[in-house]
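Asker: Dropping a structure here in structure tokens format, bear with me for questions.
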Amino acid sequence: MLAKFRPLMSAAPTAKAAPAVAFSTAAERDGYAQYNHTDACQHLRWTARESYEYMYARPWSRVVDFYAELVRTGAGAAGLAELFRKDEKDHTRDTNGEEPLASSEEQMSVKSSKGRGGRWERANFKIVLSYHGGSFDGWQKQPALNTVQGLVEKHLGQFVDERKAKQLQERSLPVEGCATVAGRTDKGVTALQQVCSFYTWRKDIQPDDIKDSINEAAPDKIKSLVVSEVSREFHPNFSAKWRRYLYIFPLDEDAKPISGDELSSMILENPEYKASRSFDVAKVDKIIRQLEGKMLSYKIFARDTQASRSDGPAAECFMFHSRAALTKLYSADENCKEGATVMCIELVANRFLRKMVRVLVATTIREAAAGADEDALLNLMDATCRRATAPPAPAEGLCLVDVGYEDFDEQRCFIVD
């Protein structure tokens, strides 16, 4: 389905202000804010400024409220099932506690590791968290900022063993626990089933004690879904086999869907319509599907990465699943019975680079609007300048759905053929 949107300059009043960039000539524009593409496309590509304005002009409030409700209810990944008309029972693992969070082999090794002595005597707990991105300044602890890690570690402090507590006090440091996470999220990014771990030498700690402590930290903003004791060999990051992200992109509420044939006739009748800000969701799906089943270097789609992690194997990711679909987003508010039309992009990979998902989403939409070939993203992999890709899409639309420690099963995905 094709969706036609409002002109770029008619941004919503609540939209974030675009960066102040002025272009006196086309050469200055191409030299600073726009990459000089050589790939063929049917229409004009958006400049970096146009892409930024378009992204932030979307009606994001419905998406933010939707994520906030999922966190408040503690629905986890199962809360997304209704969005895609799926059975919630197929997505309730790791949240209701009926099935073990770790594999049977890991559960068995919990007992065996306790008899090995030394560091193996420490109790290691796996914590599945759900938190609302708009309520925090990202995951990573930072001075004077309200971060998820900072809040979680503060409430884990009461479970720290006496020896470590004494060491922290002698150094005039707060008595806090240490939480290791499967993957850090940026400010504004929501997580439905984030995974972190915490260990302690104390033997009297029960999983429910940790769960209750975290749930009291910030009600309706962060919720501990399940806590379980696992092997000391378990590491939330290194033990993970895949991560799944979902990006919900809101379309204009007053947009009138038009078919591809109608668009073609409009372009023939009015050549200036080439600059229209519209794209085909089916085209987005075709472009992003080209990434499936491939090990590729996504360095061109990353942002703010260290030099050592910007090239080579450190920038390579294997994409298990990449799809896009059109759906309706319904609100719990009785006054908003009309569903909002949204495009959802589901990505599953063994790893993701910093801001990689948001850049992929924005670039795919830009290429679809330009009528580029289906291999547009693959062609960009060879680019040497990150300006070849679009600025990152807003963090408000991104959600870390879950982290997998078993082999990937496509049937657990929401967008499937």
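The values are calculated or read from the model by the stated rules, or taken from the named source; none is laboratory data. The shown structure was predicted, so the numbers you read here are calculated from the model rather than taken from an experiment. Cβ sites come from the backbone with ideal geometry, for glycine too, and all protein chains shown count toward neighbours. Each accessible area value is taken on the protein alone, full model and side chains, heavy atoms only, with ligands, DNA and RNA left out. Shrake-Rupley method; radii C 1.70, N 1.55, O 1.52, S 1.80 Å.
Asker: For segment 232-247, does any single residue satisfy the condition of being among the aromatic types (Phe, Trp, Tyr), touching a helix residue (DSSP H, G or I) at 6+ places or on another chain (Cβ under 6 Å) and under 28 Å from Val64 (Cα atoms)?
Answerer: Checked against the condition, which is being among the aromatic types (Phe, Trp, Tyr), touching a helix residue (DSSP H, G or I) at 6+ places or on another chain (Cβ under 6 Å) and under 28 Å from Val64 (Cα atoms), segment 232-247 yields at least one hit.
Asker: Moving to a separate point now. Which residue pairs have Cβ atoms under 7 Å apart, sit 6 or more places apart or on different chains, and have a first residue in segment 138-154 that is under 24 Å from Pro394 (Cβ atoms) and touching a residue at least 24 places away in the same chain (Cβ under 8 Å) and a second that is open to solvent by less than 10 Å² (accessible area, probe 1.4 Å) and assigned to a helix (DSSP H, G or I)?
Answerer: Pairs found: Trp139/Val148.
Asker: Limited to segment 65-107, what total is found for residues that are of a type in the set (Ser, Thr, Tyr), at pLDDT 55 or above and open to solvent by less than 50 Å² (accessible area, probe 1.4 Å)? Step through it out loud before you land on a result.
Answerer: Taking segment 65-107 and keeping what is of a type in the set (Ser, Thr, Tyr), we get 67, 73, 92, 95, 103-104.
So of that shortlist, the ones also at pLDDT 55 or above come out as 67, 73, 92.
With the extra rule that they be open to solvent by less than 50 Å² (accessible area, probe 1.4 Å), the set shrinks to 67, 92.
Within segment 65-107, residues that are of a type in the set (Ser, Thr, Tyr), at pLDDT 55 or above and open to solvent by less than 50 Å² (accessible area, probe 1.4 Å) number 2.
Asker: Only residues in segment 62-81 that are free of Cβ contacts under 8 Å to residues at least 40 places away in the same chain count as the first member; pair them with residues that are open to solvent by less than 40 Å² (accessible area, probe 1.4 Å), Cβ under 8 angstrom, at least 6 apart or cross-chain, and list the lot.
Answerer: Thr73/Gly79; Ala78/His91; Ala78/Thr92; Ala78/Thr95
Asker: Condition test on Phe301, is it open to solvent by less than 20 Å² (accessible area, probe 1.4 Å), within 26 Å of Glu338 (Cβ to Cβ), of a type outside the set (A, V, I, L, M) and modelled with pLDDT of 50 or more? Break it down stepwise before answering.
Answerer: On the way: open to solvent by less than 20 Å² (accessible area, probe 1.4 Å): yes; within 26 Å of Glu338 (Cβ to Cβ): no; of a type outside the set (A, V, I, L, M): yes; modelled with pLDDT of 50 or more: yes.
For Phe301, the condition - open to solvent by less than 20 Å² (accessible area, probe 1.4 Å), within 26 Å of Glu338 (Cβ to Cβ), of a type outside the set (A, V, I, L, M) and modelled with pLDDT of 50 or more - is not met.
Asker: Taking segment 362-417 as the search range and keeping residues that are of a type in the set (A, V, I, L, M) and open to solvent by 30 Å² or more (accessible area, probe 1.4 Å), which one is modelled with the highest pLDDT? Walk me through how you get there before you give the answer.
Answerer: First pass over segment 362-417, keeping only residues of a type in the set (A, V, I, L, M): 362, 365, 368-370, 372, 376-378, 380-381, 383, 388, 390, 393, 395, 398, 400-401, 403, 415-416.
Still in the list and also open to solvent by 30 Å² or more (accessible area, probe 1.4 Å): 378, 416.
Numbers: Leu378: 94, Val416: 91.
By that ranking, first place goes to Leu378.
Asker: Just checking, does segment 338-349 include any residue being at pLDDT 95 or above and not aliphatic (A, V, I, L, M)?
Answerer: yes
Asker: Could you grab me the full set of residues in segment 382-412 that are of a type in the set (Asp, Glu) and within 20 Å of Tyr131 (Cα to Cα)?
Answerer: Here is the first cut: in segment 382-412, the ones of a type in the set (Asp, Glu) are 382, 396, 402, 406-407, 409-410.
Selection gives Glu396, Asp402.
Asker: Here is a list of conditions, (1) in a loop (DSSP other than H, G, I, E, B); (2) surrounded by fewer than 20 Cβ atoms within 10 Å (Cβ to Cβ); (3) out of contact with any helix residue (DSSP H, G or I) (no Cβ under 8 Å at 6 or more places or on another chain), and Phe352 meets all of them except one; can you say which number that is?
Answerer: Among (1) in a loop (DSSP other than H, G, I, E, B); (2) surrounded by fewer than 20 Cβ atoms within 10 Å (Cβ to Cβ); (3) out of contact with any helix residue (DSSP H, G or I) (no Cβ under 8 Å at 6 or more places or on another chain), the lone unmet condition for Phe352 is (2).
Asker: Taking Asp204, is it open to solvent by 20 Å² or more (accessible area, probe 1.4 Å) and modelled with pLDDT of 95 or more? Even if it seems obvious, please write down each step before you answer.
Answerer: Working: open to solvent by 20 Å² or more (accessible area, probe 1.4 Å): yes; modelled with pLDDT of 95 or more: no.
Judged against the criteria, Asp204 is not a match.
Asker: When segment 181-202 is examined, which residues are found to be more than 13 Å from the chain's Cα centre (by Cα) and more than 18 Å from Trp242 (Cβ to Cβ)?
Answerer: Correct list: Phe198, Tyr199, Thr200, Trp201, Arg202.
Asker: A further question on this structure: So which pairs qualify, if the first residue must be in segment 359-385 and in contact (Cβ under 8 Å) with a residue 24 or more places away in the chain and assigned to a helix (DSSP H, G or I), the second must be basic (Lys, Arg) and open to solvent by 10 Å² or more (accessible area, probe 1.4 Å), the Cβ gap must be under 6 Å, and the two must be at least 6 apart or on different chains?
Answerer: Qualifying pairs under 6 Å: Ala368/Lys283; Ala370/Arg45.
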